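Just so it is clear, none of the values below were taken in a lab; they were calculated from the coordinates. Remember, it's a predicted structure, so these values are computed and weren't measured experimentally. Don't worry about glycine lacking a Cβ; one is built from the backbone with ideal geometry, like all the others, and counts go over all protein chains shown.
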């Protein structure tokens, strides 16, 4: 199939030219460095774009214009903000545990970067392709919470402390649901690797494949993912009207920037995992039998599909965030332990039955199987 | 009222009863508590609502004036007076055990006049720091700034309160009590905090997320308006009223205008009455919209906050076109209104009414039935009717507890006896009842405006007044229904062009004073949410 | 070569942070150093190609156990409060124990280090195999120990509830 | 069984209410934005003509104003914002006359209560619509309202000539009355000057 816009062509050309001109060790070294730089750049650029998009969309939800001063339609606003945050003084606070205070933002950002590395952005656009991709993502993203807890504790501020404790309780609870929702799909696809999952969704996305059960898992994943990122109605750890800024009250300058960046990227990561696991990842929409249509769809590059689908989910997350009031801590835990978790457990059971009884769409209509 | 008189004389034989507009009773300090108790427990007409507690410096005597009203019929009032001629160490008996609202008011009197109250459980100065020299509202107060220099030092908060208690054999004991236990986990909510709606300071003891005790510190923006008023003429004082509860600026100003007009016997023209009433109701909608918006914001719904502001902007625009002010609108003057309505006023208001109704429906869809919002409001911050009366919580909050306390119904002023509207009463007493009350009152205000807007008569908008307004000697009370509850003005005139004593009753002070009661045992998030539902305005407290 | 460099870096990190974790005066710092030790161990697994073990190490120890540790410390400790120095006799006892432990482990490693190279399977383990082994009842399979662990966990939960209810 | 029904009922009612809420924001996404883009819309921005921004003393083309330096505005101002400095000059016919020297107004202390304007017996001052008043130092907020070299406008014929001296007499005759603020019952509506009370002297009753 013709895929002229794919980055794969460019990358394989780069690889072969490098291999032709120098020994393998140096080729690998250069490629590692290139990949790392590309990931870091993507991380920063995505954050900037997300912050701008969030502010603009939020404004539209709220009958406002949003940023419109720096550049046309304010598109340079977040770049200006980045410069501002870089130039800001990092305020030294008395009576804090300085080592932990400085370490905390790094935990946040390292955790989200590690997760970021494992996401398949397009066809062959993987930094790492673990065969336990799903497990890896859940494991690594759980490191971020340590950053929050340390930040709250080391700030020596009671508001920060309360924020951190809330965050801890929230994260530990909702990670369960998120994990179970992903496990439901692991049951469906029989693999933990992202690339295999995507390959299996060529004609039938997982969200359709396991119909009822998948859709429930999808919704639960979105809710708990949303909660894990401390956003929207679940922003208790930084509840502005209660705790001023929660665990990062005392942070300024770049340190605050790290928290801020990590928060936005976590939103992106959750959306992209949901895309990969439920919505076919970078796979274009294809209908078995309609080769002409499929050809046209393949013409659109895979990373465009990926970012398109992720964008829709991010919009959904913004929409939810700006529509609801904040939950209280006991409501939050009620939602998890009384609703999401039991539903999730039942859901896994349903999924197992669906798979064993051959009731998934691909079983019922073999034409949909890849 | 004759029965009441008999009752008073039966209880206190040497009480001096004056038959003024309001029955005025003067008693000795040691008999006041008994009299107040008798009046409060009087079954036929309980005088259980302490409207105002006014500290007075009569020159030769220091004392307190209590304006009591019956909670069943707010128009039945009694004034109690007591005083002591000991200016060095004035001691009076507290009525805090009868009316909880007296607690903060007595502390205020102590701060401003230096009268201490026996049996008040916490006799710290309200508004002022403990080390303030002098008592500002006394006539012999020395306002020399060198006595109270501005300090930039950080001062440690001392959580102990002095008090004077009377033991069983009538002996007075001075003692200090701890407000917090040594191992309490205390956080300072305020003075700078996004959800205290101003410069308010709650010292809050927490157990995990649960609020155990709240200690209210106020006075961060106290401006001494009552003291300033003593040197200003009545028209000049007017502009202060807008700055008390700035969200019901027009209504506060209306109250002072009415008080002066009543005292000076000025007849306000009909047209002015119509304009005043319409503006008051617009002001009420404006204030309730802001209250709604802030409450939603306190609960974390930023979008709803901006929607509320969007609708409020239309009213502010009408205000701006009418009288050139948006928040501080300067519309009422003694004898009428400062500006006539502009040409398209009626059209603008009539366009606003259906628009607002539609938006109210949108609010219902958006927030009122939202499952998260319900969970954060229903059953939270319960205030019983008895407590509401005892703490003198009026306005939408008081009516949310089932207490009919709308002055517009009980003591109609302006045109409120001519228009048809419902007093919104709910009996639940929780945050949600207060929330719904506000939205329903917006609807009622729209209804009132609808009845008036087409019938504004032609004519003068300002009565002819003397160039210099001097009020005859006497005491004048005026009560009015502001957005947050009952706003009151008290003027004691000695026949000058300036008042001898001016006192404003701020509804917000009662709302704040009840916070420690209803927040106890709630979560800290709910503390914020309850604050939003009470909707206090700090400058109103820090007069 | 690259793998060896990484191994030595990780090993050094693990060693340094282990010592720091024990010697640190502040308990929350100890917990943080311990976290680094666990992460370093996870890095070793990654180096060996045991991805599953790596992920489990992070999820269970770093993401689970450490979060609970820090949580517990936050609940009980005050910021900046130092751990009291231990009594002298206990310190000596601890020293002897650790030396004994070192000797024990060193002995095993020394005598088995060559065997380990032959036993280790360089290829990545499939998750399915691990799952089947865990759930199997045949020889070299682990259902019984697995069940035992779950009973142990249940006992822990019951104990925790009992302690919590007493308060 | 009942509890199961309430569990699911609560769940679905909750979800329904959330979707309702989301529908409101969705609609809002497409409506016209209500906020203003301030510096851009400067030309089309309409400020209500009653809006009080800066106190001004209107001067006509001959550089003449109407202020008689009577000081009533100064007395009426609750905050001491206005300071009227007068000078005594001798007129051609040998009479001593008080004229305005400098009229300063401190915007930083003004509460815009409008008392000065409504009490001015000669309509010499008014508020304008110039709302962009941000300055860098507080001292710049103190403005002198009378222009340089300006003088009092001669009285037009329909105004009774003795009205001004009456005020002057009263003010100069008794020190006691100097501090009496005079609240003139008069409306000042810039948009509708017709309802204005024609009386422009302040006689005490």
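Could you state the angle between the C-alpha long axis of helix A:7-21 and the longest principal axis of the C-alpha atoms of chain A, as a value from 0 to 90 degrees rounded to the nearest 10?
Approximately 90 degrees, to the nearest ten.
Write down the Kirkwood hydrodynamic radius of region A:1-108, to one decimal in angstroms, obtained as one divided by the mean of 1/r over all alpha carbon pairs.
Numbers: mean 1/r = 0.0543 Å⁻¹.
Result for region A:1-108, one decimal place: 18.4 Å.
Can you tell me the FRET efficiency between residue A:345 and residue C:160 if r is taken as the Cβ-Cβ distance and R0 is 22 Å, rounded to the nearest 0.05?
Working: r = 21 Å, r/R0 = 0.96.
Computed FRET efficiency for residue A:345 and residue C:160 comes out at 0.55.
Can you classify region C:1-83 as rounded, prolate or oblate using the Cα gyration tensor, where a ≥ b ≥ c are the square roots of its eigenvalues, rounded means a/c under 1.5, and otherwise it's prolate if a/b beats b/c and oblate if not?
Numbers: a/c = 4.99, a/b = 1.69, b/c = 2.96.
Oblate, since a/c reaches 1.5 and b/c is not below a/b.
What ranking, highest mean first, results for peptides B:481-493, A:28-40 when packing means the other Cβ atoms within 10 Å averaged over each residue? Each step should come with its number before you reach the end.
Values: B:481-493: 26.2, A:28-40: 12.9.
Result, highest mean Cβ count within 10 Å first: B:481-493, A:28-40.
If I fit a long axis through the Cα atoms of helix A:253-278 and take the longest principal axis of the Cα atoms of chain A, what angle between them do I get, 0 to 90°, rounded to 10?
Helix A:253-278 sits at roughly 20 degrees to that axis.
Residues in region B:1-27, backbone N under 13 Å from the label point at residue B:41 (7 Å along the Cα-to-beta-carbon vector): list them, ranges by number please.
Residues B:11 fall inside that zone.
Just tell me how shielded B:518-530 is by partners: mean number of partner chain Cβ atoms within 10 Å of each residue's Cβ, no decimals.
Numbers: counts 0, 0, 0, 0, 1, 5, 7, 13, 3, 1, 5, 5, 0.
The mean count of partner-chain Cβ atoms within 10 Å per residue comes to 3.
Each label point is 7 Å from the Cα along the Cα-to-Cβ direction; what then is the distance between the points at residue A:24 and residue C:23, in nm?
According to this spin-label approximation, the distance is 4.3 nm.
Would you mind computing, in nm to one decimal, how far apart the modelled labels at residue B:160 and residue D:123 are, each placed 7 Å from Cα along Cα→Cβ?
Distance between the two pseudo-spin positions: 6.9 nm.
Would you mind classifying chain A by shape? Square roots of the alpha carbon gyration tensor eigenvalues, ordered a ≥ b ≥ c; an a/c under 1.5 is rounded, otherwise it is prolate if a/b is larger than b/c and oblate if not.
Working: a/c = 1.72, a/b = 1.25, b/c = 1.37.
It comes out oblate by the Cα gyration axes.
Restricting the count to DSSP beta bridges whose residues both fall in region B:1-142, what percent are antiparallel, rounded to a multiple of 5?
On the way: 20 of 27 bridges.
Just about 75 percent of them are antiparallel.
Take peptides B:521-529, C:145-153, B:199-207 and line them up by average Cβ neighbours within 10 Å, highest first, as a rough protection proxy. Provide the component values of the computation, followed by the final result.
On the way: B:521-529: 23.9, C:145-153: 10.4, B:199-207: 19.9.
Result, highest mean Cβ count within 10 Å first: B:521-529, B:199-207, C:145-153.
In peptide B:306-318, what is the residue-averaged number of other protein chain Cβ atoms found within 10 Å of each Cβ? Numbers along the way, then the final one.
Details: counts 10, 7, 0, 4, 7, 1, 0, 3, 1, 0, 0, 2, 1.
What the average comes to for B:306-318 is 3.
Just to verify a number: FRET efficiency for residue D:45 and residue B:150, C-beta to C-beta distance, R0 = 41 Å, to 0.05?
Values: r = 41 Å, r/R0 = 0.99.
Between residue D:45 and residue B:150 the formula returns 0.50.
Can you say what percent of the DSSP beta bridges in the protein assembly as shown, counting only those with both residues inside, are antiparallel? Round to 5. Working shown, then result.
Details: 71 of 81 bridges.
In the protein assembly as shown, approximately 90 percent of DSSP beta bridges are antiparallel ones.
For n ≥ 4 DSSP H runs only, could you compute -39500 (n - 2.57) per run for chain B, divide by its residues and tell me the 222 nm figure to the nearest 500? Don't skip to the end; give the middle numbers.
Working: 18 runs with 207 residues, N = 543.
One gets -11500 deg cm²/dmol as the mean residue ellipticity at 222 nm.
Going by the alpha-carbon gyration tensor, a ≥ b ≥ c the square roots of its eigenvalues, is chain B rounded (a/c under 1.5) or, if a/c is not under 1.5, prolate (a/b greater than b/c) versus oblate? Show your work: numbers first, answer last.
Values: a/c = 1.55, a/b = 1.17, b/c = 1.33.
The shape class here is oblate.
Using only Cα atoms, locate the centre of region A:136-174 and the centre of region B:122-171, then give the distance between them in Å, rounded to an integer.
44 Å
Only helical DSSP H runs with n ≥ 4 go in: add -39500 (n - 2.57) per run for chain A, normalise by residue count and round the 222 nm mean residue ellipticity to 500 deg cm²/dmol. Working shown, then result.
On the way: 17 runs with 251 residues, N = 370.
When only DSSP H runs of four or more count, the value is -22000 deg cm²/dmol.
Could you give the nm distance between label points at residue C:130 and residue B:20, where each point is 7 Å from its Cα heading toward the beta carbon?
8.7 nm
What is the mean number of Cβ atoms from other protein chains located within 10 Å of the Cβ atom of each residue in peptide A:227-238, rounded to a whole number? Please list the in-between numbers first.
Numbers: counts 0, 0, 0, 0, 0, 1, 6, 1, 1, 3, 0, 0.
That works out to 1 on average.
So, by mean Cβ neighbours within 10 angstrom, what's the order for A:163-174, B:395-406, A:203-214, B:8-19 with the highest one leading? Spell out each step's value before the answer.
Details: A:163-174: 23.7, B:395-406: 26.3, A:203-214: 21.8, B:8-19: 13.3.
Put in order of decreasing packing, that is B:395-406, A:163-174, A:203-214, B:8-19.
As I understand it, the value is the acute angle between the Cα axis of helix A:302-321 and the longest principal axis of the Cα atoms of chain A; what does it come to in degrees, rounded to 10?
For A:302-321 against chain A, the angle is about 40 degrees.
How high is the relative contact order of region B:451-543, in percent, counting Cα pairs under 8 Å that sit 6 or more residues apart? Show your work: numbers first, answer last.
Values: 106 pairs, mean separation 18.7, N = 93.
That works out to 20 percent.
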